[in-house]
Amino acid sequence: MQGVRLESTPSVKTAIHPATPPATHAATGLIISGSFAGNALIMSSATARRERRGEFHYRASTAAQVWKKTAREPPGNLTSTWAMTSSTGTSDTEAPVASGGRGHAASSDGTTVRGTRHHPIVRVTHWVSAVALAVMATSGLRIYNASPAFARKGEAAFAWWPLEGMSAPAWLTFGGWLGGARHWHFAMMWLLVLNALVYLIYLFRHGRWRSIVPRVNAWRDAMEMARFYMFLRKAHPVQGKHNALQQYAYTMMLLCGTMLVVSGISIWKPVTLGWLTNALGGYALARWWHFLAMLLLTALVTAHVIMVFTVDPYSLRAMTTGGYDHDRWSPEARNARPLSRMLPARTPAIETSSLPASVHPDDAPTMPNGPPHA
Amino acid sequence: MHDRDALTGQRARLERVLRGHVHDSAERLRESGQVDRRGFVSLLALGLAAPLLNACDSSGGPGAEKLLASIGARNEKLERWLLQFSGDDRVGARTRAAGAAFPGYFISDTVPQWDSAASGEWALIVDGAVRTPLRLSQDQLRRMSTRQQRVNHYCVEGWTAVVEFQGVPFSTLARMAQPTADAGYVDFASFDEDYHESWDIESAMHRQTMIVTAKDGEPLSPMYGAPARLHGPIKLGYKNTKYLTRITFMPAPNGGYWSDAGYEWFGGT
């Protein structure tokens, strides 16, 4: 018995140990492979269709190489990691530049060409959800005002909730009266949900969630962004399509929206869908969750609107007609904090990028720890 | 409950301002003879905002009204379909009933009380599309009140209360009266002025819908709808007629007090 154990122990060790890379490498590999495996899984059909039509030249392997390259050689023209720089003249690009379609064409003289920052689906659903959310929030406040407390009658008030019993100002409400607000609320909910479904299906089918959902280590980038806004660092952190604070905010908005829909359904049908209402802690708490998610979403949207006007007003154009000149307009290129450096940056001297031009902005890698000269 | 009037002045002012803006933009358009981008965008924005502001009052323009009504009808279809999956309303075993904290409510100026001297002895009449119309005295009804339940009461305003009621399940009365095949709806009428509400028969036959005669172990007081009231958690509060006088089975719905005032007729939970 003992002999067997003594013999087997070292053999197991030798079998496993040499194959195990250092922990850091393992983690990095996991993130890369996990990310691209998910990408391949979700994008497979769309990618295949595009590639058959010859309009889509993104390949996971290309992006992986890019990621490794930038990870190894961080300095250089990093501000334009995802800008549409020309690849003409570089013979080593893996794929030809996509023409038309997404608008990421590069001109032949080596200058940057403005492209479409957001897909038309994103632009349309963005404004539809803006209208739908505005009507939902204001009509919801009118409904809330009919009984602006959460506790059940005859039970202890929500003493820990500072807004218990406080009604919303009338000018923030919509629908005129309780019945009218309910009609608006229960009609607009369909627009909100259908619109969100269109957006989410786009986001996942095209793999674009990767520019929205923060990576596991994005909190470091978020800290750097916060330090930049607080004047604790001089240079704008390098980012992909969105900075890490934006990624957290936008993902949080999607989570709030999901919570709003789920809790909304549960207080719409508290008996028929009683299992859902109970899962949220009962009707009174479900109603409170609904209200809390609305408050959080409203706060995020308010911050979003403020940041649009004070940091990146050019994104208004990106979100309507789609045009956006990353190298001149982006806050990253302007090194812009709120209400500072609002004018376009001078066109940077174009270096022939070492990156293949076929990489879509959304797929461009982000630096995990910010630039080294931070 | 109705603050439509409070908003009217504010709305009128907004509309006037808005019309002015639209008018100005249109004038500029006419003078220049072409729409520049800025003009187009502002016209578009105002065009979108005008009906919205106009609709601040729920009756908000015939267009919005019609659209909301048609979506409301679709919602109702969905709600009635969902009803088949409905179980019972549940409250925790240790949850206590609201008792006196449960708000009393009626539309008359004073608490409605049945006047036996003027109207004769109170009785609950069950009629309409039934094979055996019933006339149940208060005594008969009280003796039949064997069901006791503690359920939620869901008000359209958003508050809830736990209520403990004793009474006769509606399904028991329906079995006694034997409604005909075409009786798809039931109207519940009261002596609280002209208050009444009609229900779909599926909601009325829900296990927890009952004709209540006692609350918290005591006979129903006039404040809470004596001598008998309708209560079922499957409908919002306003669908639950108090001060009951007559239950009528019908082939078609005939609205209700709050339903006719603009709240959803279905009002299901």
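Throughout, read-outs are computed from the coordinates displayed, never taken from laboratory work. Quick caveat: nothing in here was measured; it's all calculated off a predicted structure. Glycine also receives a Cβ, built like all others from the backbone with ideal geometry; neighbour counts cover every protein chain displayed.
Restricting to DSSP loop positions (anything but H, G, I, E, B) with no more than 11 other Cβ atoms inside 10 Å of their own Cβ, which trypsin sites (Lys or Arg not before Pro) remain in region A:197-269?
Within region A:197-269, the qualifying trypsin sites (Lys or Arg not before Pro) (loop, at most 11 other Cβ atoms within 10 Å) are A:K234.
Per residue of A:144-151, how many C-beta atoms from partner chains lie within 10 Å of its own C-beta, taken as a mean?
Average neighbour count from other chains, rounded to a whole number: 3.
Indicate, rounded to the nearest 5 percent, the antiparallel portion of the DSSP beta bridges found entirely in region B:110-259.
90
May I ask you to list the GluC sites (Glu not before Pro) in region B:176-253 that are in a DSSP loop and have at most 14 other Cβ atoms within 10 Å of their Cβ?
B:E193
Would you mind computing, in nm to one decimal, how far apart the modelled labels at A:L200 and A:L255 are, each placed 7 Å from Cα along Cα→Cβ?
Going by the 7 Å Cα→Cβ label model, 1.5 nm.
Full extension from A:F231 to A:T321: what is 0.36 nm times the residue separation minus their Cα-Cα distance, to one decimal in nm?
Extra length from A:F231 to A:T321 when fully extended: 29.1 nm.
For a footprinting-style exposure proxy, rank A:E332, B:E76, B:E121 by other Cβ within 10 Å, fewest first.
The order, fewest Cβ neighbours first, is B:E121, B:E76, A:E332.
To one decimal place, what Kirkwood hydrodynamic radius in Å is obtained for region A:247-296 from all pairs of distinct Cα atoms?
Every distinct Cα pair counted, the radius reaches 10.7 Å.
What percent does the relative contact order of region A:151-292 come to when contacts are Cα pairs within less than 8 Å and at least six residues apart?
16
Set the Förster radius R0 to 22 Å, insert the Cβ-Cβ distance between B:R143 and B:W114 as r into 1/(1 + (r/R0)^6), and round the FRET efficiency to 0.05.
Plugging the Cβ-Cβ distance into 1/(1 + (r/R0)^6) gives 0.70.
If R0 is 51 Å, what FRET efficiency do you get for B:S221 and A:L296 from their C-beta distance, rounded to 0.05?
Once rounded, the FRET efficiency stands at 0.70.
Residues with beta-carbon under 12 Å from that of B:M176, excluding B:M176: net charge, scoring Lys, Arg +1 and Asp, Glu -1?
+3
Rank these for me by crowding, A:V305, A:V262, going from fewest to most other beta carbons within 10 Å.
Arranged by neighbour count, lowest to highest, A:V305, A:V262 become A:V305, A:V262.
Show me B:250-257, B:132-139 ranked by packing, highest mean number of other Cβ atoms within 10 Å first.
B:250-257, B:132-139
Given R₀ = 35 Å, what would the calculated FRET efficiency be for A:R337 paired with A:F158, taking r from the Cβ atoms and rounding to 0.05?
0.35
Modelled label-to-label distance, A:A130 and A:I306, 7 Å Cα→beta-carbon offset: nm?
Here the answer is 1.8 nm between the modelled labels.
Loop-only chymotrypsin sites (Phe, Trp or Tyr not before Pro) in region A:199-238, please: DSSP not H, G, I, E or B, and at most 15 other Cβ atoms within 10 Å.
A:F231
List, in the order given, every pair from A:K269/B:K242; A:K269/B:K235; A:K153/B:K215; B:K77/B:K242; A:K153/A:K269; A:K269/B:K239 whose Cα-Cα distance in the structure shown is over 18 Å.
Flagged as over cut-off: A:K269/B:K242; B:K77/B:K242; A:K153/A:K269.
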